[in-house]
1. May I ask you to verify whether Ala53 is surrounded by fewer than 19 Cβ atoms within 10 Å (Cβ to Cβ) and not polar (S, T, N, Q)?
2. What are the pairs with Cβ atoms under 8 angstrom where one residue, in the stretch 72-84, is part of a helix (DSSP H, G or I) and the other, located anywhere, is surrounded by 10 or more Cβ atoms within 10 Å (Cβ to Cβ) and basic (Lys, Arg)? Sequence gap at least six, or different chains.
3. Among the listed residues Ile46, Ile63, Ile67, which satisfies the condition of being in a helix (DSSP H, G or I), open to solvent by less than 100 Å² (accessible area, probe 1.4 Å), closer than 22 Å to Leu7 by Cβ and in contact with a Cys (Cβ under 6 Å, 6 or more places away or on another chain)?
4. With Arg22, Arg79, Arg83, Arg58 as the choices, which residue is under 14 Å from the mean Cα position of the chain (by Cα) and open to solvent by 90 Å² or more (accessible area, probe 1.4 Å)?
5. Among what's in the stretch 25-34 and is open to solvent by 70 Å² or more (accessible area, probe 1.4 Å) and in a loop (DSSP other than H, G, I, E, B), pick the residue that is nearest to Leu10 (Cα to Cα).
6. Could you count how many residues in the stretch 1-53 are β-branched (Val, Ile, Thr) and under 16 Å from Ile77 (Cβ atoms)?
7. So Val17 passes all but one of these: (1) open to solvent by 60 Å² or more (accessible area, probe 1.4 Å); (2) among the β-branched types (Val, Ile, Thr); (3) modelled with pLDDT of 90 or more. Which condition number does it fail?
8. Check Ala47, Ala70, Ala37 and return the single one that is in contact with a Phe, Trp or Tyr (Cβ under 6 Å, 6 or more places away or on another chain) and closer than 21 Å to Ile8 by Cα.
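The values are calculated or read from the model by the stated rules, or taken from the named source; none is laboratory data. Predicted model, so just to flag it, every value in this text is computed and none were measured. Here the Cβ positions follow ideal geometry from the backbone for every residue, glycine too, while neighbour counts run over all protein chains shown. With ligands, DNA and RNA removed, areas are computed over all heavy atoms of the protein, side chains included. Shrake-Rupley method; radii C 1.70, N 1.55, O 1.52, S 1.80 Å.
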Amino acid sequence: MSLIAYLIILFITGLIVGALARLFLPGRDPMGIFETAAVGIGGSLIAGLIALAIFHKRGGGGIILSIICAMGLVWLIRRSRERNASPKRGGFVGRR
């Protein structure tokens, strides 16, 4: 398989896993298509590492574990965005 075909398949697989993770995790997630694919690829990578460490299996983590890991990444991204979007308390108070 050529490198271009591999990257296209990797992107499509990541997009499917990331979209399913966003679907199964309730709430609003304003992410673009590339960020969704990146979350899916990251979830698949983490699932593969978990499968290798715990189950001593080199074939990958499987679709279920990939979606669960991607859901964790979506949750972490959501939490970091909520923390950054919350108004800061204290500080300078403007004129009235």
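1. Values: surrounded by fewer than 19 Cβ atoms within 10 Å (Cβ to Cβ): yes; not polar (S, T, N, Q): yes.
Criteria met by Ala53.
2. Val74/Arg22
3. Numbers: Ile63 fails: in contact with a Cys (Cβ under 6 Å, 6 or more places away or on another chain); Ile67 fails: in contact with a Cys (Cβ under 6 Å, 6 or more places away or on another chain).
So the residue among Ile46, Ile63, Ile67 that is in a helix (DSSP H, G or I), open to solvent by less than 100 Å² (accessible area, probe 1.4 Å), closer than 22 Å to Leu7 by Cβ and in contact with a Cys (Cβ under 6 Å, 6 or more places away or on another chain) is Ile46.
4. Values: Arg22 fails: open to solvent by 90 Å² or more (accessible area, probe 1.4 Å); Arg83 fails: under 14 Å from the mean Cα position of the chain (by Cα); Arg58 fails: under 14 Å from the mean Cα position of the chain (by Cα).
Sole residue among the options that is under 14 Å from the mean Cα position of the chain (by Cα) and open to solvent by 90 Å² or more (accessible area, probe 1.4 Å): Arg79.
5. First, pick out the residues of the stretch 25-34 that are open to solvent by 70 Å² or more (accessible area, probe 1.4 Å): 26, 28, 30, 33-34.
If we keep only those that are in a loop (DSSP other than H, G, I, E, B) too, we end up with 26, 28, 30.
Working: Pro26: 25, Arg28: 25, Pro30: 22 Å.
By that ranking, first place goes to Pro30.
6. Our first condition is that a residue be β-branched (Val, Ile, Thr); within the stretch 1-53, this holds for 4, 8-9, 12-13, 16-17, 33, 36, 39, 41, 46, 50.
Still in the list and also under 16 Å from Ile77 (Cβ atoms): 17, 33, 36, 39, 41, 46.
So the count comes out to 6.
7. (1)
8. Numbers: Ala47 fails: in contact with a Phe, Trp or Tyr (Cβ under 6 Å, 6 or more places away or on another chain); Ala70 fails: in contact with a Phe, Trp or Tyr (Cβ under 6 Å, 6 or more places away or on another chain).
Just a single option satisfies the conditions, and that option is Ala37.
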